[in-house]
Amino acid sequence: MSTRLDVFAVASEAYGGAWRHLGEMVRLIWFPGALYLVISIARAFVDAEAQFFLAFALEIASLFLWPVIAVTWHRFILLGDEPAGPVHFHFGRREASFLLVSIFLFLLLVPGAALSFASAELQGVASGALLALFGLFLIAIGIYFFVRLTLLLPAVSIGDPLDPRLILERTRGNFWRLLAVMFAVAVPFLLLAVLFGSLAASGGAMQLVAVIATAFISVFFAVVNVAVLSIVYRELVGPPGSVPRDQEIHIEPTL
């Protein structure tokens, strides 16, 4: 019988732990975190159409910075691991694997999204309606597996076996609970983002203040999000090192 996740307990521990250990978490990633903040702020002032290459470069930079930050946080929460030295900036095999797993998770949503976009070109045609319906079905399937397989991220961060079948087994019956704890993180951040977005629309100095505030708030909710995944992994899969190594499925980074 699979473990039933306690949504309230997970959300409470994640928010409480993120608040209590925010200073330590920021200290561990202050350098890549500062770069990530600068890039996040810069992206708000870049026109993706008029400055395509600059916008693309900023997206790629943030894409490679996030694994450095997230892996460090996962390891701190689950292992108590604190990198030596005042500056931690390391992108190695573990971070590359984290990036590849992240890309894999988002690719689960691509087929449904692609069909939905294709159906928009066939408006008013019977085949377009069927295509849209099938696209929505694939999106729902993609979200279902995306939510359950997100526990691969803490697994790869701490060096546990990367076994999708094991993750699906341990998360059986917990999809809605996993979705609930994810909403517990996403909804407050989205509400604050909308609030600051309305302030940014006024332009001038208020826009700069709103963008900077949103960037800093996103750091706190990023800590909570990583904490949620780490706690759920501990509760459903087990403490670090409890998964037998013979279950491992290797994913070799190609970067």
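The values are calculated or read from the model by the stated rules, or taken from the named source; none is laboratory data. None of these values were measured; they are calculated from a predicted model. Don't worry about glycine lacking a Cβ; one is built from the backbone with ideal geometry, like all the others, and counts go over all protein chains shown.
Scanning region 82-114 for residues that are of a type in the set (D, E, K, R) and modelled with pLDDT of 90 or more yields ARG93, ARG94, GLU95. Within region 6-58, the set of residues being in a loop (DSSP other than H, G, I, E, B) and either among the acidic types (Asp, Glu) or within 28 Å of GLU82 (Cα to Cα) (or both) comprises ASP6, HIS21, ILE29, ASP47, GLU49.
Mind checking whether some residue in region 109-123 is surrounded by 19 or more Cβ atoms within 10 Å (Cβ to Cβ), touching a residue at least 40 places away in the same chain (Cβ under 8 Å) and on the phi < 0 side of the Ramachandran plot? No. Restricting attention to region 130-183, the residues being over 30 Å from ALA120 (Cβ atoms), of a type outside the set (Gly, Ala, Ser) and assigned to a loop (DSSP other than H, G, I, E, B) number 8. Just a yes or no: is a residue in region 144-152 aromatic (Phe, Trp, Tyr) and closer than 30 Å to GLU82 by Cβ? Checked region 144-152: no residue is aromatic (Phe, Trp, Tyr) and closer than 30 Å to GLU82 by Cβ. Within the set GLY85, GLY17, the sole residue that is loosely packed, with under 14 Cβ neighbours inside 10 Å, over 18 Å from PHE216 (Cβ atoms) and either under 20 Å from the mean Cα position of the chain (by Cα) or free of Cβ contacts under 8 Å to residues at least 24 places away in the same chain (or both) turns out to be GLY85.
Applying a threshold of 9 Å to beta carbon distances and a minimum spacing of six or more residues, or different chains, the list of pairs starting in region 39-53 at a residue that is under 17 Å from GLY197 (Cβ atoms) and ending at one that is aromatic (Phe, Trp, Tyr) and at pLDDT below 85 is empty. Consider only pairs whose beta carbons are under 7 Å apart and that are at least six residues apart or on different chains; among these, list those whose first residue lies in region 225-239 and is among the β-branched types (Val, Ile, Thr) and whose second residue is not in a helix (DSSP H, G or I). The qualifying pairs are VAL232/LEU5; VAL232/LEU151; VAL237/LEU151; VAL237/VAL243.
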